[in-house]
Amino acid sequence: MFSNVPHPLKLVDTASAWCLGIAAGCVIFATGCGQVDQGQEPPSALPDTEWPLHGLTAAEARFSPLDQIHVDNVGRLGLAWSFDMDSTRGLEATPIMVDGVLYVTSTWSRVYAVDARTGTLLWEYDPDVPGGWARHACCDVVNRGVAISGDRVFVGTLDGRLVALNRADGRVLWDTDTINRSPPYTITGAPRVVGDLVIIGNGGGEFNVRGYVSAYRADTGEMAWRFYTVPGRGDDPHENPALERAAETWPGVDWSVTGGGGTAWDSIAYDADLDLLYVGTGNGSPWARHMRSTESGDHLYLSSILALRPDTGALAWYYQTTPGDNWDYTATQNMILTELEIDDVQRKVLLQAPKNGFFYVLDRATGELLSAEPYVTVTWASHIDMVSGRPVETGQGDYSEQRQLVFPSTLGGHNWHPMAYSPETGLVYIPAREASGYFHPTKLNWFELGSEEAARQTGQPTPKIAGQLLAWDPVTQQAAWRVHQPGLYNGGVLATAGNLVLHGDGDGFLYAHAADTGEERLKLELGTGVIAPPITYSLDGVQYVALLAGYNGIEDDSTPVHRYRNDGRLLVFKLDGRPVPLPKQRPPPQPFPPPADLAAIPGEISHGEGLYLRWCVGCHGIEGTTRGPDLRRMTLGTRGVFHEIVMDGLYAPKGMAGFDDVLSQDDSLAILAFLNEQTRQAHLAQQDGTWAD
């Protein structure tokens, strides 16, 4: 067997006879005292076991060999301790645990080092991201975690910096600008360390940027190489031969109005045996291919898996999941490296369930497609052609001339929330979703979730909208079991040798399911929605499960953000812990101002709607989100300073930047006119004799 994990888990208990082996991307304990019977409590001398990398190992499988907490006793799980993350917005980080310390990030790219036994704060670091930079983040001021190597902690900041901190005290060792402050890039993903290099990509695919992934020297912060994921503008020289080939697939593009996109904002994995670095790339900018180009083309390397040489950044091979991406079908979802027996041959494979709805199994040495099947409802393509490796489009995803309902929506069959793979069951556990979306031919980077009424009006299929925990067999390419969830936005997944799959959901619960059957074994109320993935570790003979709770998604009446404050917390559990204290109840919403009190605004409502959908809906939605308040409920006083807020940045320190560089005063008036009309309609829809609901 081979090892594809360069940094095995550290076992601190030197008095133990336990040792760690790595095989096919999974972690195995070997002992001189025999195997532990799953039905019994394991020995008290359980060695300390860390979670040192983003996916536990470089293979990113998120499978832990720990089994003190198992399918027969997980119902006894309770709170060991909690830590206040000083946030009321989305928390997405995977905690890292090394040497008894948990390193975790919060909103605005803040880093905390916390004692993993007690929750005591050891140090914290605030990179002082300007509040106005939130405008450049499509999906909140989130961060997915740190990387650790030696005595350094590495974190990417929302405003595009890569920072190295001293692991002992949080001192800044170096601070490197990865974006040169323009265009509007962000970093929300976790860095990865390969040898003496720190690898990081950037976000901004919705904001007309050119994607790239970069490597920096771990000791100095100096850039070692950069791989651009799409060609440069106009007649600019190509940085490498791979981009020369890519440029041929971008015919008819006006590079003066598009940066291309293809940002590498999340998924990275590394195979030490093959010495290949795998990077997932994102959507085009804009989403619609007919807006990017007057001619058809694959638009490499959008929505692709890239295999790079980590020492130079040279492209070894690529596989494009969605040629000419048209629906924001990113391939930035986490990739898992393992071995599978396929057609009686043991293959080194890469597994991915990207947004486009197909589950891919690739030979990770060559990029050869081994299989691909839909894991959720898919209408934009009928199947993947196994000869060419390309999807066969049905035409049902073509919205170049009319509004079109497409499965999956731009939210994807699976988004960034990590999936996990258990070598014991042979199953991949995916936080999947069934959701269709309407795309419009002229609205920029815009979609709406499918609705039954809209489907009837257009004569299109009735859409499915539901989340699910899906157990998928990557060999047979079939579902082993599914557990339906009430909402679309749910947490990433952890699998363990205790025959468990653990995850949180958007409705504020921590679940444990039997990994082999899907049977529910735990439902623990947290009161706060979860989108982040859990981890597990052991210290002093005790196994813990750690999880960030903090919701970031579309609000609806079922989500806990309508019942409790969205107080971000790091929650750590153990067997026979105490009950989880629930957050405080949310106060009732502000009443809608009476329509008679709303000033007449000369702005054009339809124009204001278009501007609102372009610039405002990402944070505020129509009815409010965890990122921004419901603007229909603005007080009359706030409406009186609306232009100072929108144009001049009156609330920039709170994260609401000014937009005077892209909006005019007339635009601001039109947006306010649209919001006033929305307020009037909301009042009429709920009118019951009072102005408040």
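No value in this document is a laboratory result; all are computed from the given coordinates. All of these numbers come straight from a predicted model, not from anything done at the bench. Because the Cβ atoms are built from the backbone with ideal geometry, glycine has one as well, and the counts that use them run over all protein chains shown.
Using Cβ point charges alone (K and R +1, D and E -1), the dipole size of the chain about the Cα centre works out to roughly 800 debye. Sorted on the mean count of surrounding Cβ atoms within 10 Å across their residues, most packed first, peptides 569-577, 252-260, 348-356 read 348-356, 569-577, 252-260. Stretching the chain fully between Thr366 and Asp275 yields a gain of 31.5 nm (0.36 nm per residue, less the alpha carbon separation).
Segment Asp236..Ala455, full-extension length gain: 74.3 nm, with 0.36 nm per residue of separation and the alpha-carbon distance subtracted. For Gly203, the residues whose amide H sits under 5 Å from its own are Thr186, Ile187, Thr188, ignoring neighbours fewer than 5 places away on the same chain, with H placed 1.01 Å from N.
A Förster radius of 41 Å, combined with the Cβ-Cβ distance separating His562 from Val257, puts the computed FRET efficiency at roughly 0.50.
For the pair Glu644 and Asp128, label points projected 7 Å from Cα toward Cβ lie 2.6 nm apart.
Modelled spin labels at Arg181 and Ile605, positioned 7 Å past Cα toward Cβ, are 4.3 nm from each other.
Of all aspartates and glutamates in the structure, those lying under 15 Å Cα to Cα from Lys584, and not within fewer than 8 positions of it along the same chain, are Asp84, Asp86, Glu525, Asp567. Amide H contacts for Trp81 (H built 1.01 Å from N in the peptide plane; partners 5 or more residues away or on another chain; cut-off under 5 Å): Val572.
At R0 = 56 Å, how high is the FRET efficiency between Ala314 and Thr462 if r is their beta carbon distance? Nearest 0.05 is fine. Calculated transfer efficiency: 0.70. Placing pseudo-labels 7 Å out from each Cα toward the beta carbon at Val172 and Asp196 gives an inter-label distance of 2.5 nm.
The aspartates and glutamates within cross-link reach of Lys523, meaning a Cα-to-Cα straight distance under 17 Å and a gap of 8 or more places when in the same chain, are Asp72, Asp505, Asp507, Asp576. Helix 605-615 versus the longest principal axis of the chain: what angle, 0 to 90°, nearest 10, using Cα atoms? Value to nearest ten degrees: 20.
At an R0 of 35 angstrom, the distance between the Cβ atoms of His440 and Ala596 translates into a FRET efficiency of 0.55. Think of the chain as having a plus end and a minus end, set by charges on the Cβ of Lys, Arg, Asp and Glu; of Ala549, Gln404, Val194, Ala549 sits farthest toward the positive end of this dipole. Put simply, the convex hull of the Cα atoms in segment 595-686 casts, on average, a shadow of 5.7 nm². Of the residues Tyr319, Ala652, Val153, the one whose Cα sits farthest toward the positive end of the charge dipole of the chain, with +1 on the Cβ of Lys and Arg and -1 on the Cβ of Asp and Glu, is Ala652.
Protection proxy ranking for 394-404, 368-378, 426-436, using the average of other Cβ atoms within 10 Å per residue and placing the highest first: 426-436, 368-378, 394-404. Listed by chain and number, the lysines whose C-alpha is less than 19 Å from the C-alpha of Lys464, apart from same-chain residues fewer than 8 away, are Lys355. Ordering of 329-337, 191-199, 635-643 by packing is 329-337, 191-199, 635-643, highest average first (other Cβ atoms within 10 Å, averaged per residue).
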